[in-house]
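To start, the structure under review is shown below, and the notes come after it.
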Amino acid sequence: MSALVDGFGRTVRYLRISVTDRCDFRCVYCMAEEMTFLPRAKLLTLEEIAMLSQAFVELGVEKIRLTGGEPLVRNGILTLVEKLGSLAGLRELAMTTNGSGLVKYAEELRQGGLDRLNISLDSLKPERFKSLTRTGELSQVIAGVRAARRAGFTSIKLNAVLLKGRNDDEILDLVNFARDEAVDISFIEEMPLGVISEHNRGETFLSTDAVRSTIEQYYQLLPTTESTLGPSRYYRMVDSPSRIGFISPHSHNFCDACNRVRVTAEGRLLLCLGNEHSVDLRAVLRRYPGDIERLKESIVSAMKKKPERHYFTTDGEVQIVRFMNSTGG
Ligand code: SAM
Ligand code: SF4
């Protein structure tokens, strides 16, 4: 029984934690080219993240996703995975990664108790991949996907953010890659988080309905009610185990079924991706060290602040000034 119920009767069972705002990539939709990152003292320590996770699990959270920034650039990430992997009551421990560190870490992550991996992949063309991520090497990420499969991960999903005129000609190639690798894939609409100047988000917006129509020219998509507790709506194909998901923060608002909260790298509990309502849990952790009951009280009372929904528009206007890397995507 979860103790985390918000003012609209929604139960929170899923926590996403940003373990760092830093990253080895600079994806054009996520970050500006020049970024100022948080000083170390402002980040939650690994011990604080572990205690916070325990508090949430004791309050009924069943799934935790480690994200960032790039979680695999955080020192000690394997130790944290091991700690959380052994939390009694936690049903699923997941991570979202850009995949660049998976050749090195996949095996140990699996051994440490990580259940599920989401790997971001927006293009299969090396030059384009470089231009979208500014620093990334496609071959390293593809090798990372394969390393994850070899390590025994059975729940792997690719995440692709599609930008009209930039990578929307690769929809089918990405689906076929997912089919060949026997992994799932979700297509994501770009969200107006953080000020970027590289492109105009209003011009590159592509709805997931358009993506679905493109795929349906080649594959029949069968709707399912399957859920991984996240915002993806899943479809299946008749001739492949791969599922296709659509995450549509603009075109199919998913707020009425929202079961999630986020904790930023500096310990701010964010009640909604698209609103600024938040509570400073780092302050509670540092004011009352080791007092998990005090922490749980703060979390329970924060639920009252969870807003009913987000209001994103597709004109590219920024409604939220924080970037996705500090939000914990
Ligand atoms: N670095 C990891 C990665 O890229 O997978 C984890 C953090 S990243 C912020 C998590 C997810 O958010 C990625 O799949 C990324 O493509 C997505 N993302 C980042 N900025 C976004 C934006 N403005 N709109 C939609 N998705 C975004
Ligand atoms: Fe880094 Fe992920 Fe943001 Fe890309 S989307 S810059 S990989 S945090």
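The values are calculated or read from the model by the stated rules, or taken from the named source; none is laboratory data. Source: prediction; values computed, not measured. Neighbour counts are summed over all protein chains in view; Cβ atoms, including those assigned to glycine, are modelled from backbone coordinates with ideal geometry.
State whether the residues of segment 136-146 include one that is assigned to a strand (DSSP E or B), over 15 Å from Ser242 (Cβ atoms) and either within 15 Å of ligand 1 (Cβ to nearest atom) or not hydrophobic (A, V, I, L, M, F, W, C) (or both). Spell out how you get there, then give the answer.
First, the residues of segment 136-146 that are assigned to a strand (DSSP E or B): none.
Within segment 136-146, none of the residues are assigned to a strand (DSSP E or B), over 15 Å from Ser242 (Cβ atoms) and either within 15 Å of ligand 1 (Cβ to nearest atom) or not hydrophobic (A, V, I, L, M, F, W, C) (or both).
If Tyr234 satisfies every condition in (1) part of a loop (DSSP other than H, G, I, E, B); (2) within 22 Å of the chain's Cα centre (by Cα) but one, which is the exception?
Answer for Tyr234: the failing condition is (1).
What are the residues in segment 47-104 that are closer than 22 Å to Glu293 by Cα and of a type in the set (Ser, Thr, Tyr), if any?
Ser53, Ser86
What are the residues in segment 56-79 that are on the phi < 0 side of the Ramachandran plot, away from ligand 2 (no atom under 16 Å from the Cβ) and surrounded by fewer than 23 Cβ atoms within 10 Å (Cβ to Cβ), if any?
Of everything in segment 56-79, those that are on the phi < 0 side of the Ramachandran plot, away from ligand 2 (no atom under 16 Å from the Cβ) and surrounded by fewer than 23 Cβ atoms within 10 Å (Cβ to Cβ) turn out to be Val57, Glu58, Leu59, Glu62, Lys63, Asn75, Leu78, Thr79.
Does segment 159-191 hold any residues that are more than 15 Å from ligand 2 (Cβ to nearest atom) and either at pLDDT below 95 or farther than 30 Å from Arg149 by Cα (or both), and which are they?
Scanning segment 159-191 gives Lys164, Gly165.
How many of the residues in segment 94-129 are in a loop (DSSP other than H, G, I, E, B) and within 11 Å of ligand 1 (Cβ to nearest atom)?
So the answer is 6.
Run down Glu226, Glu181, Glu170 and say which single residue is in contact with a Leu (Cβ under 7 Å, 6 or more places away or on another chain) and among the acidic types (Asp, Glu).
Every option except Glu170 fails the conditions.
For the condition among the basic types (Lys, Arg), surrounded by fewer than 16 Cβ atoms within 10 Å (Cβ to Cβ) and without any contact (Cβ under 8 Å) to a residue 24 or more places away in the chain, what is the one hit in Lys125, Lys164, Lys130?
Details: Lys125 fails: without any contact (Cβ under 8 Å) to a residue 24 or more places away in the chain; Lys164 fails: without any contact (Cβ under 8 Å) to a residue 24 or more places away in the chain.
None of the other options fit; the residue is Lys130.
Please tell me if Met31 is in a strand (DSSP E or B), within 18 Å of the chain's Cα centre (by Cα) and of a type outside the set (Asp, Glu).
On the way: in a strand (DSSP E or B): no; within 18 Å of the chain's Cα centre (by Cα): yes; of a type outside the set (Asp, Glu): yes.
For Met31, the condition - in a strand (DSSP E or B), within 18 Å of the chain's Cα centre (by Cα) and of a type outside the set (Asp, Glu) - is not met.
Inside segment 161-189, can you point out the residues that are outside any helix (DSSP H, G or I) and either under 21 Å from Thr228 (Cβ atoms) or hydrophobic (A, V, I, L, M, F, W, C) (or both)? Spell out how you get there, then give the answer.
We begin by selecting, within segment 161-189, every residue outside any helix (DSSP H, G or I); these are 161-167, 182-189.
Within segment 161-189, Val161, Leu162, Leu163, Ala182, Val183, Asp184, Ile185, Ser186, Phe187, Ile188, Glu189 qualify.
If the requirement is being within 12 Å of ligand 1 (Cβ to nearest atom), assigned to a helix (DSSP H, G or I) and over 17 Å from Arg22 (Cβ atoms), which of these qualifies: Leu84, Leu132? Working first, answer last.
Values: Leu84 fails: within 12 Å of ligand 1 (Cβ to nearest atom).
Being within 12 Å of ligand 1 (Cβ to nearest atom), assigned to a helix (DSSP H, G or I) and over 17 Å from Arg22 (Cβ atoms) holds for just one of Leu84, Leu132, which is Leu132.
Okay, residues lined up against (1) touching a Leu at 6+ places or on another chain (Cβ under 6 Å); (2) modelled with pLDDT under 95; (3) surrounded by fewer than 21 Cβ atoms within 10 Å (Cβ to Cβ); (4) in a strand (DSSP E or B):
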site: Pro249; (1), (2), (3), (4): no, yes, yes, no
site: His252; (1), (2), (3), (4): no, yes, yes, no
site: Asp256; (1), (2), (3), (4): no, yes, yes, no
site: Ala265; (1), (2), (3), (4): yes, no, no, no
site: Leu285; (1), (2), (3), (4): no, no, no, no
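Does Glu203 satisfy the criteria of being surrounded by fewer than 17 Cβ atoms within 10 Å (Cβ to Cβ) and either in contact (Cβ under 8 Å) with a residue 12 or more places away in the chain or within 14 Å of ligand 1 (Cβ to nearest atom) (or both)? Steps first, please.
Numbers: surrounded by fewer than 17 Cβ atoms within 10 Å (Cβ to Cβ): yes; either in contact (Cβ under 8 Å) with a residue 12 or more places away in the chain or within 14 Å of ligand 1 (Cβ to nearest atom) (or both): yes.
Spelling it out, Glu203 is indeed surrounded by fewer than 17 Cβ atoms within 10 Å (Cβ to Cβ) and either in contact (Cβ under 8 Å) with a residue 12 or more places away in the chain or within 14 Å of ligand 1 (Cβ to nearest atom) (or both).
Can you tell me which residue is farthest from ligand 2 (Cβ to nearest atom) among those in segment 1-43 that are among the aliphatic types (A, V, I, L, M) and buried (at least 20 other Cβ atoms within 10 Å of the Cβ)?
Among those residues, the one meeting the criterion is Leu4.
Where residues in segment 105-118 are within 16 Å of ligand 2 (Cβ to nearest atom) and in contact (Cβ under 8 Å) with a residue 40 or more places away in the chain, which of them is farthest from the chain's Cα centre (by Cα)?
Leu117
Against the condition over 16 Å from Leu269 (Cα atoms) and within 16 Å of ligand 1 (Cβ to nearest atom), how does Tyr29 come out, does it pass?
Details: over 16 Å from Leu269 (Cα atoms): yes; within 16 Å of ligand 1 (Cβ to nearest atom): yes.
When the stated conditions are applied, Tyr29 passes them.
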